[in-house]
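Contents: one structure, followed by commentary.
A short reminder: the numbers here are calculations on the coordinates, not readings from a lab. Values in this document were obtained by computation on a predicted structure and should not be read as measured data. Neighbour counts are summed over all protein chains in view; Cβ atoms, including those assigned to glycine, are modelled from backbone coordinates with ideal geometry.
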């Protein structure tokens with residue numbers, strides 16, 4: 001670090017970071033002491049969120065929770081912002097079974113991906129999640145509400161706060177913005193009920209231990225701490241038909257197409273299974289693809305005798321343009337490395353279900 005960078009950090013970024021952290025801490029205290037009232041609903045609400053910017057893998061975790069809840073015969077509803085969708089600043093609802101009638105430009109990519117995995121319930125879209133839940137509550141009558149990216153949405157009372165961290169994020173980034181990647185200070189973890197470390201299989205045990213050592217002074221003693229990875233369960237086409245196992249990428253040329261927050265973990269998955277990545281087509285997170293984007297990649301695909309591989313979230317948008325068989329996606333699922341039983345027990349407890 002040169003002198004100019006040192007002075008800029010000391011005189012500008014560090015003071016701004018302190019102000020940012022103080023503002024968020026004050027906001028939490030207003031709700032904690034009842035100065036600002038929280039909204040209550042008659043069903044359990046579980047928040048799946050984080051305190052860092054960027055993707056930590058919350059969406060696969062929400063899908064895992066949806067599947068667990070439905071296995072217990074209950075109906076979940078997911079509250080999500082619908083980032084970059086036209087309904088983000090208003091409201092909309094996707095009922096299970098309605099997913100093929102929905103447009104990602106209206107609802108956003110993540111809501112459609114989540115609804116695609118649901119057998120019952122619905123996904124409610126819109127930035128004002130509290131008002132939107134009020135609007136649709138009687139129509140849906142959920143047994144439980146899952147609040148996507150909800151750790152900072154503290155005006156809505158929740159029964160459980162799950163906070164997800166990305167093991168790949170450097171420890172030096174655990175400072176409040178603009179010094180680091182934290183949305184708010186680590187002191188906010190006093191409100192956490194579960195801590196999960198995603199992509200734990202992609203770093204050393206030492207890195208995990210150092211991260212937990214950093215976080216431990218801030219979260220409540222005795223709460224469940226789990227580690228998890230995202231395992232591929234197959235490769236699918238635009239019609240959601242399985243076309244191969246991920247191991248069949250071995251020795252094949254692929255073009256990696258991503259519009260997600262953390263593409264590096266996607267590349268790691270492909271290379272780990274033997275794929276030869278000849279090109280990385282990287283778009284901003286939540287990017288809506290157009291015909292030009294796809295046609296250029298298909299031309300490159302033909303030129304190199306390659307296959308285009310994308311994420312399931314991106315395929316939600318791509319299939320609206322084409323279902324060309326040369327474009328496939330990797331379907332992934334949450335795989336707990338530790339802490340699964342404790343997390344399940346917490347969720348069953350707030351649902352008043354017996355846990356054996």
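Expressed in nm to one decimal, what extension gain is obtained for the pair residue 320 and residue 33 from 0.36 nm per residue of sequence separation less their Cα-Cα distance? Don't skip to the end; give the middle numbers.
Details: separation 287, 0.36 × 287 = 103.32 nm, distance 4.78 nm.
Here the segment from residue 320 to residue 33 would lengthen by 98.5 nm.
If each of residue 252 and residue 221 carries a label point 7 Å out from its Cα toward its Cβ, how far apart are those two points in nm?
Result: 5.3 nm between the two label points.
When DSSP assigns beta bridges and you keep just the ones with both residues in the chain, what percent turn out antiparallel, to the nearest 5?
Numbers: 16 of 56 bridges.
Close to 30 percent.
What full-extension length gain, to one decimal in nm, is calculated for residue 341 and residue 205 as 0.36 nm per residue of separation minus the Cα-Cα distance?
On the way: separation 136, 0.36 × 136 = 48.96 nm, distance 2.09 nm.
Value of the extension gain: 46.9 nm.
So if R0 is 30 Å, what FRET efficiency would residue 279 and residue 241 give, r being the distance between their Cβ atoms, rounded to the nearest 0.05? Write out the running numbers ahead of the final one.
Details: r = 25 Å, r/R0 = 0.84.
Computed FRET efficiency for residue 279 and residue 241: 0.75.
Need one number: nm distance between label points at residue 98 and residue 127, each 7 Å from Cα along Cα→Cβ, rounded to one decimal.
2.3
So how far, in whole Å, is the C-alpha centre of region 161-201 from the one of region 212-232?
Taking the Cα centre of each part, region 161-201 and region 212-232 sit 10 Å apart.
Multiply the residue gap between residue 71 and residue 83 by 0.36 nm, knock off their C-alpha separation, and tell me the result in nm, one decimal place. Each step should come with its number before you reach the end.
Working: separation 12, 0.36 × 12 = 4.32 nm, distance 2.85 nm.
Answer, rounded to one decimal: 1.5 nm.
Applying 1/(1 + (r/R0)^6) with R0 = 30 Å to the Cβ-Cβ distance of residue 141 and residue 23, what FRET efficiency is obtained, to the nearest 0.05?
About 0.20, to the nearest 0.05.
Determine the shape class of the chain: with a ≥ b ≥ c the square roots of the Cα gyration tensor eigenvalues, call it rounded for a/c under 1.5, and otherwise prolate if a/b is greater than b/c, oblate otherwise. List each step's numbers first, then the result.
Working: a/c = 1.57, a/b = 1.20, b/c = 1.30.
Since a/c reaches 1.5 but b/c is at least a/b, the shape of the chain is classed as oblate.
Quick one: 13, 199, fewest Cβ neighbours within 10 Å first, how do they rank?
Working: 13 16, 199 22.
Lowest count first: 13, 199.
Of the beta bridges DSSP finds with both residues in region 233-332, what % are antiparallel, to the nearest 5?
Values: 5 of 19 bridges.
So the antiparallel bridges in region 233-332 amount to around 25 percent.
Quickly work out the residue 348-to-residue 295 label distance, labels modelled 7 Å from Cα along the C-beta direction, and quote it in nm with one decimal.
Computed distance between label sites residue 295 and residue 348 equals 5.5 nm.
Given the -39500 (n - 2.57) contribution per DSSP H run of 4+ residues, what per-residue ellipticity at 222 nm results for the chain, rounded to the nearest 500 deg cm²/dmol? The partial results should precede the final answer.
On the way: 11 runs with 116 residues, N = 356.
Mean residue ellipticity, 222 nm, calculated: -9500 deg cm²/dmol.
How would you rank 326, 250, going from fewest to most other Cβ atoms within 10 Å of each one's own Cβ? If you can, show how the numbers build up before the last one.
Details: 326 15, 250 10.
Ascending number of Cβ neighbours within 10 Å: 250, 326.
Please give the Cα centre distance for region 259-277 versus region 93-137, rounded to the nearest Å.
If we compute the Cα centre of each part, the gap is 28 Å.
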